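Accompanying notes for the structure given below.
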Amino acid sequence: MNAFSSTRSDYMVPGKRGFHIDESTLMCQNGCGFYGNPAWQGYCSKCWRDHSQKAKQTQSSPVKEASSNAFAKFSEKKRHQTDKRSNTVRSILKKAHGKLKEQATPPGTITKQKREVSFESQQVGKDFKDFLMILQKPASTDIYKQIYSFVEKVQQDPDMPIDDLSEMVLDFYQSMGEKLQSHIAFKGFDDDQLEQLMGFMEKYLTTRLYKQIFCPLTTDDEEKDIQIQNRIRSLNWISAVQLDAEINDRELSVRDKIDQAVTDVIEMDSKRAPQDKLSCIVRCSKQIFEILKESRGLPASADEFLPALIYIVLKANPPLLKSNIHYITRFCNPMLCYSIHRGH
């Protein structure tokens, strides 16, 4: 029997031919006042839609909860597997790195990060150690340890202001000089030997710290160097006559001395120790006095020296002139400056 036949039999009234339908049975079961429909289980279209949606939500809630729980478990499992793989990879890399370090490091040695040391630093370190070998061992060992620890201390503070660093280095020179004067191991040393020892200390210290203390980024030395170099380049047309410099550059021997003076002042930038840079300036000055003496036929005074020096500087246009002058004034041992000046 189909649905229509079933509905029809329900609405038939006994004793009468045909069938009679009560109007109340045609109304929506939800009592909204609209007519219902047997196809919608007696609900009107609107109430049937609401009824259907509620039924679907009731049925889907357990499914959603189960699905949510299942997804949470899946996510947790996936995260656990990912962490496990990551830990495994890190463990493998750590073991591989450890094996490489074991292969590169001899057994029983303590590994420590070392600074890259330049060839100049290695050479001056070797020369300084060779010099200390002639001294009594307790004293030489103590001096080397103090200088080495001072260098390490300065290297640990690369952003120290240059004026503070200069004062710190000069104070170290003074304290070491006083120690050499009072140390019992150096009582037999004369002044020349003490100056030689101080010279080695200055050369070792400044060569090791050269990259940090020469033309540091915390100053405007480099900008000044460029300005001076450009200014000198713009004045390269000036001759000795225009400067009133008594230089006879027509003589071959005088031109040779001019070339040597230019070489000496340019070579200053290739040196690392302040005493070596200062020695280049002293040699250049000696050449200038020789040039003036040969050109004039008699010794020159300071009045003739200054224009000749300006002429040599204009011809040479030495690199980093300002930085080199500042470097000498900041870090040259005053006692060595005096001895260099006295010796020349």
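Here are a few things to note about the model shown:
- The residues of segment 239-274 that are assigned to a loop (DSSP other than H, G, I, E, B), under 24 Å from L209 (Cβ atoms) and hydrophobic (A, V, I, L, M, F, W, C) amount to a single one, A273.
- Selection status of K145, farther than 16 Å from P274 by Cα and at pLDDT 75 or above: yes
- Pairs are defined by a Cβ separation below 7 Å, a sequence spacing of at least 6 or placement on different chains, a first member in segment 260-271 that is free of Cβ contacts under 8 Å to residues at least 24 places away in the same chain, and a second member that is open to solvent by less than 10 Å² (accessible area, probe 1.4 Å); the pairs so defined are D264/C280; D264/C284; E267/C280; K271/K277; K271/C280.
- Within the set L321, L292, L298, L243, the sole residue that is within 43 Å of the chain's Cα centre (by Cα) and hydrophobic (A, V, I, L, M, F, W, C) turns out to be L321.
- Cβ-Cβ under 6 Å pairs, at least 6 apart or on other chains, segment 225-249 side farther than 13 Å from E304 by Cα, far side open to solvent by 50 Å² or more (accessible area, probe 1.4 Å) and not in a loop (DSSP other than H, G, I, E, B): D225/K322; I228/K322; D249/R255
- Of all residues in segment 178-193, those satisfying the criterion of being over 39 Å from the mean Cα position of the chain (by Cα) and assigned to a helix (DSSP H, G or I) are Q181, S182, I184, A185, F186, D191, D192, Q193.
- Against the numbered list (1) open to solvent by less than 30 Å² (accessible area, probe 1.4 Å); (2) touching a Leu at 6+ places or on another chain (Cβ under 7 Å); (3) assigned to a helix (DSSP H, G or I); (4) of a type outside the set (S, T, Y), I310 comes up short only at (1).
- Residue within segment 281-296 that is farther than 29 Å from C337 by Cα, open to solvent by less than 50 Å² (accessible area, probe 1.4 Å) and either among the hydroxyl-bearing types (S, T, Y) or touching a residue at least 40 places away in the same chain (Cβ under 8 Å) (or both) present: yes
- Taking residues in segment 196-213 that are under 16 Å from M168 (Cα atoms), and partners anywhere that are of a type in the set (V, I, T) and buried (at least 24 other Cβ atoms within 10 Å of the Cβ), the pairs with Cβ atoms closer than 9 Å and at least 6 places apart or on different chains are I213/T206.
- Qualifying residue in segment 258-278 (condition: among the acidic types (D, E), over 27 Å from K224 (Cα atoms) and open to solvent by 80 Å² or more (accessible area, probe 1.4 Å)): no
- Residues that are hydrophobic (A, V, I, L, M, F, W, C) and touching a residue at least 60 places away in the same chain (Cβ under 8 Å) were ranked within segment 166-193; the one that is least open to solvent (accessible area, probe 1.4 Å) is V169.
The values are calculated or read from the model by the stated rules, or taken from the named source; none is laboratory data. Source: prediction; values computed, not measured. Reconstructed Cβ throughout: ideal geometry from the backbone, glycine too, with neighbour counts over all protein chains shown. Surface areas here come from the heavy atoms of the whole protein model, side chains and all, with no ligands, DNA or RNA. Shrake-Rupley method; radii C 1.70, N 1.55, O 1.52, S 1.80 Å.
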